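Step one of this worksheet: look at the structure below.
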Amino acid sequence: MSSPILSQGALSLRRYGAGGAPHRHDHVQVVIGVHGQIDLEVEGRGGRVDNGLAAFIAPGSPHAQSGNGHNQFLVLDCTLADMGDDAVERLRRQTFLPVPAAVRRLVEFVQLASPASQVPETVIRHCAPLLIDALAAERRPTSRLDPLLRRIGATPGEAWPAARMAVEAGLSVSRVHA
């Protein structure tokens, strides 16, 4: 199902069904939405992964996922050394990550370059290190609302009432209005 982990990471396109069994592995894994969504629980923290929000899974972290409907995800598997100890620790604390525009474009390229959902080795060799670098880079949001704005932009046509925005941003409804 997935490529072996190379010295600079491995990429695979996957689909998820309902009720995935809890499991863990000894490598870093990042799950990035191509289309659709999955509910994912990592070390007891739950979230929804889609094309606007990725999930970081540290080595040894128990996790389980459940997909609903038609979905596809780009999965990056790499070693601790590929990502770097500082980045792994920072991303472990965050778990669910907004997908930067550069990562979104790389995901789109990988998907378009992968006939029959098999990622070619040349694409893995060139794109996995770029994804690792983009994900490991520490970003400073200019506003607490930036992740929310990216999520809204990634889901055109969905309803975003103030109550939903407040939950997604971790703010009160009155603060969202302000």
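The values are calculated or read from the model by the stated rules, or taken from the named source; none is laboratory data. Please read these numbers as outputs of a predicted model, since none were measured by experiment. When we count neighbours, we look across all protein chains shown, and the Cβ atoms used for this are built from the backbone with ideal geometry, even at glycine. Heavy atoms of the whole protein, side chains included, go into the accessibility calculation; ligands, DNA and RNA do not. Shrake-Rupley method; radii C 1.70, N 1.55, O 1.52, S 1.80 Å.
How about region 143-157: which of its residues are closer than 20 Å to Leu97 by Cα and over 20 Å from the mean Cα position of the chain (by Cα)? The one that is closer than 20 Å to Leu97 by Cα and over 20 Å from the mean Cα position of the chain (by Cα): Ser143. Taking residues in region 35-46 that are among the polar types (S, T, N, Q), and partners anywhere that are in a loop (DSSP other than H, G, I, E, B), not one pair has Cβ atoms closer than 6 Å while being at least 6 places apart or on different chains.
For Arg90, are the conditions met, namely being out of contact with any Gly (no Cβ under 9 Å at 6 or more places or on another chain) and open to solvent by less than 90 Å² (accessible area, probe 1.4 Å)? Yes: the conditions hold for Arg90. Please go through region 53-79 and give me each residue that is surrounded by fewer than 20 Cβ atoms within 10 Å (Cβ to Cβ) and under 16 Å from Thr155 (Cα atoms), ordered by number. Within region 53-79, His70, Asn71, Gln72 meet the criteria.
Exactly one residue among Gly47, Gly69 is assigned to a loop (DSSP other than H, G, I, E, B) and under 30 Å from Val167 (Cβ atoms), and that residue is Gly69. Of all residues in region 130-159, those that are at positive phi and either at pLDDT 85 or above or surrounded by 15 or more Cβ atoms within 10 Å (Cβ to Cβ) (or both) total 0. Any chance region 110-129 includes a residue that's open to solvent by less than 10 Å² (accessible area, probe 1.4 Å), touching a helix residue (DSSP H, G or I) at 6+ places or on another chain (Cβ under 8 Å), hydrophobic (A, V, I, L, M, F, W, C) and under 29 Å from Gly19 (Cβ atoms)? Among the residues of region 110-129, at least one is open to solvent by less than 10 Å² (accessible area, probe 1.4 Å), touching a helix residue (DSSP H, G or I) at 6+ places or on another chain (Cβ under 8 Å), hydrophobic (A, V, I, L, M, F, W, C) and under 29 Å from Gly19 (Cβ atoms), which makes the answer yes. Summed over region 160-178, the residues that are open to solvent by 70 Å² or more (accessible area, probe 1.4 Å), closer than 22 Å to Phe96 by Cα and either aliphatic (A, V, I, L, M) or in contact with a helix residue (DSSP H, G or I) (Cβ under 6 Å, 6 or more places away or on another chain) (or both) give a count of 2.
Name the residues in region 10-34 that are under 21 Å from Phe109 (Cβ atoms) and open to solvent by 60 Å² or more (accessible area, probe 1.4 Å), would you? If the condition is that a residue be under 21 Å from Phe109 (Cβ atoms) and open to solvent by 60 Å² or more (accessible area, probe 1.4 Å), then Arg15 is the only one that fits.
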